[in-house]
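Everything on this sheet refers to the single structure shown next.
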Amino acid sequence: MPRRLIPFMPELYYHIYNRGNNRERIFFEPDNYVYFLKKIREYLVPVSDIVVYCLMPTHYHVVGRVRETQTSEVLKTSEVSKAMMKLSVSYTKAINKRFQRVGVLFQGQFQAKPILTSEYLLNLCRYIHGNPVKDGIVADITQWPYSNYLEWIDERDGKLVDKAFVQDNFDTPDEYRKFVLEYLRSRQLPEDIQRYLNSLDK
């Protein structure tokens, strides 16, 4: 059966995510995270601006804005879909070779959902950045190096971040820091976003 190509619209934001098969690990050592980010730069960045990413031991989240193309129609054979498929295949092959394993690594094809409002987008950003604390991996969000939270608060000079987006939505890095920490203290998000996030676990 051919792979399903997810349609993407230029200039829209999308939440792209996937988890390990049987909810098992997809990242086993630090070099794996670094390699996955390298493949994001190689395959995804040419077709999508990266707003937020967070790589977790068993899953990943990326929020991107699809780059403008020569057509405004839905991209039936989306370059983003092709890029993500190349990324997933390339990463799986590398992991299988590194750990002498066979078979699938991810739980099926990656998923992608459009984000249609600014409020939804910003709350999703802080949820994704807060994942390492929410899941109990670290106590301090700044201790997790495999997201671009440090770039958002201007404590690291990484390339996988849309600085213009951050500056357009928050007057200072500290304003975003407080926005994320507020969520981590309360664990409360708007109901529609919480319903969406709950649906990802099913």
Original post:
Do we have any residue at all in the stretch 163-174 that's charged (D, E, K, R), in contact with a helix residue (DSSP H, G or I) (Cβ under 9 Å, 6 or more places away or on another chain) and at pLDDT below 95?
Top reply: yes
Original post:
In the stretch 87-125, how many residues are over 19 Å from Ile6 (Cα atoms), open to solvent by 20 Å² or more (accessible area, probe 1.4 Å) and either without any contact (Cβ under 8 Å) to a residue 40 or more places away in the chain or not hydroxyl-bearing (Ser, Thr, Tyr) (or both)?
Top reply: 15
Original post:
Can Val138 be described as closer than 19 Å to Gly64 by Cβ and without any contact (Cβ under 8 Å) to a residue 24 or more places away in the chain?
Top reply: no
**OP:** Given the conditions (1) assigned to a helix (DSSP H, G or I); (2) open to solvent by less than 50 Å² (accessible area, probe 1.4 Å); (3) hydrophobic (A, V, I, L, M, F, W, C), report the number of the one that Leu181 does not fulfil.
**Re:** (2)
**OP:** Report the residue count in the stretch 146-177 for those that are under 17 Å from Met56 (Cα atoms) and either touching a residue at least 60 places away in the same chain (Cβ under 8 Å) or hydroxyl-bearing (Ser, Thr, Tyr) (or both).
**Re:** 5
Original post:
Failed condition for Val161, given (1) out of contact with any Pro (no Cβ under 9 Å at 6 or more places or on another chain); (2) in a loop (DSSP other than H, G, I, E, B); (3) farther than 23 Å from Val66 by Cβ, with all others met?
Top reply: (3)
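The values are calculated or read from the model by the stated rules, or taken from the named source; none is laboratory data. These numbers were taken from a predicted model, which means no experiment stands behind them. In this analysis, Cβ positions are derived from the backbone assuming ideal geometry, glycine residues included, and neighbour counts consider all displayed protein chains. Please note that ligands, DNA and RNA were not included when accessible areas were found on the heavy atoms of the full protein model with its side chains. Shrake-Rupley method; radii C 1.70, N 1.55, O 1.52, S 1.80 Å.
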